[in-house]
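Inspection log for the structure reproduced underneath, given as structure tokens.
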Amino acid sequence: MALPIKYNIRNVIVRWRATLATILGVALVVAVYMLVQSLAVGLEQSSGNTGDPRNVMIVRKGSTAESSSQITREQFRLLPYLPQIARDSQGRPYVSADVIVLINLLRRDLKAEAHVLVRGISPVGMKLRPQVRLVGGRWFDPGKREVVVSRRLAARIGHFEIGDTFKTGGKALTVVGWLEGGQSAFDSEVWMDADEARSLFYRENYSSVLVRARDDAAAAGLIDRIESDKRLPLQALPEVKYYSAQTMTAMPIKILGDFLATAMSIGAVFAAMNTMYASVGSRTREIGTLRVLGYRRRTILLSFLIEGAFLALVGGVLGCLLSLPMHGYSTGTISFESFSETVFQFRITPWLAAKGLTFSVIVGVAGSLLPAVRASRLPVIVALKAV
């Protein structure tokens, strides 16, 4: 014979003070867990949102990122003639050589410095990245030492307002526009003309080459051609795949989130255990009466486990609600791939919320297990005599 769920719900309401303390404890644990994990999710989504499935990224063989790659001008001259590359209506190949440079700039408070990634890009490169759009000012003019910066990055770095001028390497650059990267890795970049970037920062070679293949079959053929050409010590892979692999920064945050959740969950388990032990102590006669009425020990055990899980689940829901206002909030960190400032957003996804709720139920069951065992093993006569 099973105990009705309403018995547990009524007991939770009657002992509302202890119930509230347990719920708040679990809620805080779940909220912290979700906020830290949402940072990792935001970083992963930023990389996952970057790139066009039609594009192929070419870097030096063995390079893990554009910032550590070099492609010579001689190698670059061979690429536009490959037959797998798409061409526009005038027969010009969709090929763009980029230059990646890290510069030190003051943050918005003008007290600390940050590494900022500058991408030298050609007009063709802009066409190959349709997700990037201009949201303020205008695009840069080659030869005038002008840059367009990410609007999200402008909120973190000083002198990034439209019309501002900042110095790097003894040269002054003027901000003439803001770009929006569509919540991608491009939201962490400063764009300027590629050849001007090579000249300004004394770079003889390019960092990477982005091309657009005619179709999927041509993209596969292009990758095989580059990998097998002895004249080209380069590697090629789909642009989407390249940026999806740039998620190393999210791993330490995930580990930190798991560590904090584990440490705090221990406290939450003891809090739940204390509440349930107090509940067992105050309901000793009730437990004896239930045994007399014919309820089995395993039924009482299951009843207390359900009660603890229910309390924790309510706390988990509250924790999810507490973390929800941070969804979409922009922040930044240092990228372990490029060691530059990376801008991203807190991302609380349905899957992350489900993980938070599951985590809360596990905490509730773990905290209720020992008190539930004690309740189920109480001798009937002793329980009935309890005051």
Output the residues belonging to segment 127-165 that are surrounded by fewer than 20 Cβ atoms within 10 Å (Cβ to Cβ), modelled with pLDDT under 90 and hydrophobic (A, V, I, L, M, F, W, C). 155
Cβ-Cβ under 8 Å, sequence separation 6+ or interchain: first residue in segment 12-41 and outside any helix (DSSP H, G or I), partner surrounded by fewer than 22 Cβ atoms within 10 Å (Cβ to Cβ). Which pairs? 15/278; 15/282
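Residues being part of a loop (DSSP other than H, G, I, E, B) and of a type in the set (A, V, I, L, M): count how many of those fall in segment 53-67. Lay out the reasoning, then the answer.
Residues of segment 53-67 that are part of a loop (DSSP other than H, G, I, E, B), as a first pass: 53-54, 61-65.
From what's left, of a type in the set (A, V, I, L, M): 65.
Final tally of qualifying residues: 1.
Report yes if residue 196 is within 23 Å of residue 73 (Cβ to Cβ), at pLDDT 85 or above and in contact with a Leu (Cβ under 8 Å, 6 or more places away or on another chain), otherwise no.
On the way: within 23 Å of residue 73 (Cβ to Cβ): yes; at pLDDT 85 or above: yes; in contact with a Leu (Cβ under 8 Å, 6 or more places away or on another chain): no.
Criteria not met by residue 196.
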I want to confirm something. Restricting to segment 79-113 and keeping residues that are of a type in the set (Lys, Arg) and out of contact with any Phe, Trp or Tyr (no Cβ under 9 Å at 6 or more places or on another chain), which single residue is farthest from residue 188 (Cα to Cα)? 92
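The values are calculated or read from the model by the stated rules, or taken from the named source; none is laboratory data. Note that this is a predicted model, so its numbers are computed, not measured. Cβ sites come from the backbone with ideal geometry, for glycine too, and all protein chains shown count toward neighbours.
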